[in-house]
Structure formats: C-alpha cells, structure tokens
Amino acid sequence: METLVLNIFNIVGNASCLTAEDGEKVHVLLEEAIDNNQKVILSFQNVEILADPFLETAIGQIYRDHDKELVKELIEITDISLTGKVSLKSVVNAAKLAHENQAV
C-alpha cells in the first residue's frame with residue numbers, strides 16, 4: 001500500500017492552523033487512513049502558526065482514541081517547526097494519558 005502524504009497547508013488553505021474546525025479536516029483524513037491501516041506522512045511545510053486547538057483536534061484525538069504504538073507506526077510528522085514540535089509533544093502526551101485513563 002502506498003504512503004499517503006497529507007500537506008497540512010493545502011488541507012487548511014493557509015499558513016495558520018489555529019482552530020478545531022481546521023483540525024477536524026485533518027482528523028477525518030487521519031481516521032480514514034488508520035481505518036485502512038495506511039501509513040501517513042503529515043507534512044507541516046509552509047505552516048507558520050500552530051495552535052493547541054488545531055493540534056488537539058487533528059492529532060491529539062488520534063492518540064486518545066487509538067493505541068499509541070499503532071499511531072506511531074502509521075503516522076510520521078515532517079517539516080514541523082521547533083515550537084510546533086513542543087506544542088505537539090504536549091498535546092500528544094495529554095492525549096496518551098487520556099487514552100490510558102480510558103483503558104483503566
């Protein structure tokens with residue numbers, strides 16, 4: 001199966017990824033790929049601003065709803081800024097904790 005490349009800039013339509021609504025556009029595509037067991041490269045090329053509501057909806061929900069090992073295997077993040085990495089790590093850690101608490 002071919003790897004799916006999702007360019008966040010193209011999906012959102014601009015360099016600012018701020019809202020949960022924009023995050024939902026990405027989330028739907030990621031869910032579809034996971035359901036099909038398809039590897040995804042999420043490219044943040046040309047994205048200048050990342051806000052937590054966007055990241056929580058787009059990616060955090062994926063970690064909350066799916067096994068972290070599966071997500072790690074299927075989703076690769078590229079072209080993300082250092083500040084974006086820091087925000088993403090915080091969102092992912094919170095989502096992983098929520099997933100673990102759901103399992104208990």
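The values are calculated or read from the model by the stated rules, or taken from the named source; none is laboratory data. What you see is a predicted model; the values in this text were computed from it and never measured. In this analysis, Cβ positions are derived from the backbone assuming ideal geometry, glycine residues included, and neighbour counts consider all displayed protein chains. Ligands, DNA and RNA are stripped out before the accessible areas are found, and what is left, the full protein with its side chains, is counted by its heavy atoms. Shrake-Rupley method; radii C 1.70, N 1.55, O 1.52, S 1.80 Å.
Are any residues in the stretch 1-37 open to solvent by less than 60 Å² (accessible area, probe 1.4 Å), outside any helix (DSSP H, G or I) and not hydroxyl-bearing (Ser, Thr, Tyr), and if so, which ones? Those that are open to solvent by less than 60 Å² (accessible area, probe 1.4 Å), outside any helix (DSSP H, G or I) and not hydroxyl-bearing (Ser, Thr, Tyr): 4, 6, 7, 13, 15, 17.
When the residues of the stretch 48-90 are narrowed to those that are touching an Asp or Glu at 6+ places or on another chain (Cβ under 7 Å) and closer than 17 Å to residue 25 by Cβ, which ends up surrounded by the fewest Cβ atoms within 10 Å (Cβ to Cβ)?
Filtering the stretch 48-90 down to residues touching an Asp or Glu at 6+ places or on another chain (Cβ under 7 Å) leaves 54, 57, 87.
Retained after the next criterion (residues that are closer than 17 Å to residue 25 by Cβ): 54, 57.
Working: 54: 28, 57: 20.
Checked the stretch 48-90; the qualifying residue surrounded by the fewest Cβ atoms within 10 Å (Cβ to Cβ) is 57.
Checking 98, 33, 94, 51 one by one, the residue that is among the small types (Gly, Ala, Ser), without any contact (Cβ under 8 Å) to a residue 60 or more places away in the chain and touching a Lys or Arg at 6+ places or on another chain (Cβ under 7 Å) is 98 and no other.
Within the stretch 13-30, which residues are closer than 12 Å to residue 55 by Cβ and without any contact (Cβ under 8 Å) to a residue 24 or more places away in the chain? Matches in the stretch 13-30: none.
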